[in-house]
Structure formats: structure tokens, C-alpha cells
Amino acid sequence: MARLTRSESQARTRADLVATARDLFLTDGYAKTSMERVAEEAGYSKGAVYSNFRTKKELCLEVLEHIHATKFGEVAELVAADESLDDRLVRLQDWAERTLGDVGWTMLEFEFATLSRDDPELQAALVSNLGAVRGAVAAQLQTLADSLGLVLPMPAEDAAATVLSLGLGLGIQRAIDPSLSARLITDAVRLLLSVAERSTPVRAAE
């Protein structure tokens, strides 16, 4: 087996630290997880952690970016699938039922966001992070509309902000009361598309 280069070794170390921190943050929360514990659980020295991440906040930001990329990557696959709208929405609801209200993820987002109240630098980073999430949702809604030959009834960014706000609020409620259905998300997407205008003629069945 070929020996890893220095850059490959550094990338592996960073990935291991992020994966370990993600598991600890989701299980125990941000406040109860120290950089020292991340190092210990990942099997690295404390110096290895601090050589990759200056602060725990910086590490948590990368963890959240990784979670967002994973979760919205899953949604992107559902939206882009070559299936009917109903089939895609059924799969979207299955995803929402499994994902929205995940206690570890929801509480980590909420706990970390409260830290930004007196930290302008962190607040700016979270604003940027949220903008990236909103952009990802907007792209997915636009892809879905385009695949159906529809024009969204509002700018994709506004549609994304609406759906994302509903999803975040529903996620918090489901973290408290898991019996709540995630159907509201798929209902909102269906309603959004139901008032969209058709942009291209419907192709006759071949």
C-alpha cells in the first residue's frame, strides 16, 4: 500500500477530527464537548486538533457545513430523480420524517446559534452558512420546477426562505414532539408548485 503524502495525511487527520467531533456534538452537545475529548476519541494529540482548528467554534462550523452538505445532497438526489412529482414527494416526505426533528442535529444548531448573540464574527459566519443552505434549497426547488416545465410563483431564493423557515420551525417542534408529522414540508412544496405557471407545452405521450 502506497504511503500517504503529507497533504493526504493532513486531510485524513482533519476528516477524522470532523467525523469524531460530529458524533460527539450530536450526542453530547456543543458545550459538553471539549477539544481535548475530540482529540482523545479520534486518537490524536491535542496539538493535532489545534493545528487544524484554531477554536472549537471553527470546528463546529465545519461540522455543521458537513452535515448540511450531506443532508441537502440527499434531497438533491431525490429532487433530480427521473420520477413523477408524486413519487419524488413521497420520497421527500420519507426523508423529512427521518431527518426533521433529529434531536442531536436540531439542538446542536440551536445551541450553537445562541453563541452568536455576543460574537459578531460567529454571527457573520452563521449568516454565510445560512445563505449557503438557502442557496442549496433554492437550487433544488428550481431544479424541481424546471424538470416539470414550471415557473415558480416567486423568486427561487424567496421560495427557499419560505420552505426553509417552515422546515426549521417544524424541526424544532418535532424534536420536542416526535409525533408531529413532517407532511407539512411536502404539502408546502406541492402547494408552491400547484400555483406555478407552466413554462413549456406539455409533451404528448409518445
Residue by residue through the stretch 103-143, note down the ones that are among the polar types (S, T, N, Q) and under 23 Å from R54 (Cα atoms). T114, S116, Q123, S128, N129
Selection from the stretch 47-57 of residues assigned to a helix (DSSP H, G or I) and either surrounded by 14 or more Cβ atoms within 10 Å (Cβ to Cβ) or hydroxyl-bearing (S, T, Y) (or both) yields A48, V49, Y50, S51, N52, K56, K57
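Any idea how many residues of the stretch 174-187 are in a helix (DSSP H, G or I) and either charged (D, E, K, R) or open to solvent by less than 30 Å² (accessible area, probe 1.4 Å) (or both)?
Filtering the stretch 174-187 for residues in a helix (DSSP H, G or I) gives 174-176, 183-187.
Right, trim to either charged (D, E, K, R) or open to solvent by less than 30 Å² (accessible area, probe 1.4 Å) (or both) and you get 174-175, 183, 185-187.
Number satisfying all stated conditions: 6.
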Hits in the stretch 124-145 - residues which are under 10 Å from the mean Cα position of the chain (by Cα) and open to solvent by 60 Å² or more (accessible area, probe 1.4 Å): L130, A132, R134
Of (1) assigned to a helix (DSSP H, G or I); (2) touching an Asp or Glu at 6+ places or on another chain (Cβ under 9 Å), P153 satisfies every one except (1)
Kindly indicate the residue of the stretch 58-70 that is touching a helix residue (DSSP H, G or I) at 6+ places or on another chain (Cβ under 7 Å) and not charged (D, E, K, R) and also surrounded by the fewest Cβ atoms within 10 Å (Cβ to Cβ) among those meeting that condition. H66
Could you tell me whether any residue of the stretch 128-149 is closer than 21 Å to T33 by Cβ and in contact with a Phe, Trp or Tyr (Cβ under 7 Å, 6 or more places away or on another chain)? no
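Given the residues T27, T13, which is the only one that is at pLDDT below 95 and among the hydroxyl-bearing types (S, T, Y)?
Values: T27 fails: at pLDDT below 95.
The conditions single out T13.
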Screening G171, G167, G101 for residues that are outside any helix (DSSP H, G or I) and surrounded by 15 or more Cβ atoms within 10 Å (Cβ to Cβ) leaves only G101
Under 9 Å between Cβ atoms, which residue pairs at least 6 apart in sequence (or on different chains) link something in the stretch 34-45 that is part of a loop (DSSP other than H, G, I, E, B) with a partner that is open to solvent by less than 70 Å² (accessible area, probe 1.4 Å) and of a type in the set (S, T, Y)? G43/T20; Y44/T13; Y44/T20
Given the conditions (1) of a type in the set (S, T, N, Q); (2) in contact with a Phe, Trp or Tyr (Cβ under 9 Å, 6 or more places away or on another chain); (3) modelled with pLDDT under 90, report the number of the one that T99 does not fulfil. (3)
Residue hits (the stretch 71-86; open to solvent by 50 Å² or more (accessible area, probe 1.4 Å), at pLDDT 85 or above and in a helix (DSSP H, G or I)) are K71, E74, E77, D86
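Can you go through S51, S34, S45, S7 and tell me which one is out of contact with any helix residue (DSSP H, G or I) (no Cβ under 9 Å at 6 or more places or on another chain) and farther than 23 Å from V133 by Cβ?
On the way: S51 fails: out of contact with any helix residue (DSSP H, G or I) (no Cβ under 9 Å at 6 or more places or on another chain); S34 fails: out of contact with any helix residue (DSSP H, G or I) (no Cβ under 9 Å at 6 or more places or on another chain); S45 fails: out of contact with any helix residue (DSSP H, G or I) (no Cβ under 9 Å at 6 or more places or on another chain).
Just a single option satisfies the conditions, and that option is S7.
Quick check on this structure: which one of E121, E157 is acidic (D, E), in contact (Cβ under 8 Å) with a residue 12 or more places away in the chain and either open to solvent by 80 Å² or more (accessible area, probe 1.4 Å) or in contact with a strand residue (DSSP E or B) (Cβ under 9 Å, 6 or more places away or on another chain) (or both)? Walk me through how you get there before you give the answer.
Values: E121 fails: in contact (Cβ under 8 Å) with a residue 12 or more places away in the chain.
On inspection, the qualifying residue turns out to be E157.
The values are calculated or read from the model by the stated rules, or taken from the named source; none is laboratory data. Here the structure is a predicted model, which is why all the values come from computation and not from measurement. Backbone-built Cβ (ideal geometry, glycine too); neighbour counts: all protein chains shown. These accessible areas exclude ligands, DNA and RNA; they are computed on the full protein's heavy atoms, side chains included. Shrake-Rupley method; radii C 1.70, N 1.55, O 1.52, S 1.80 Å.
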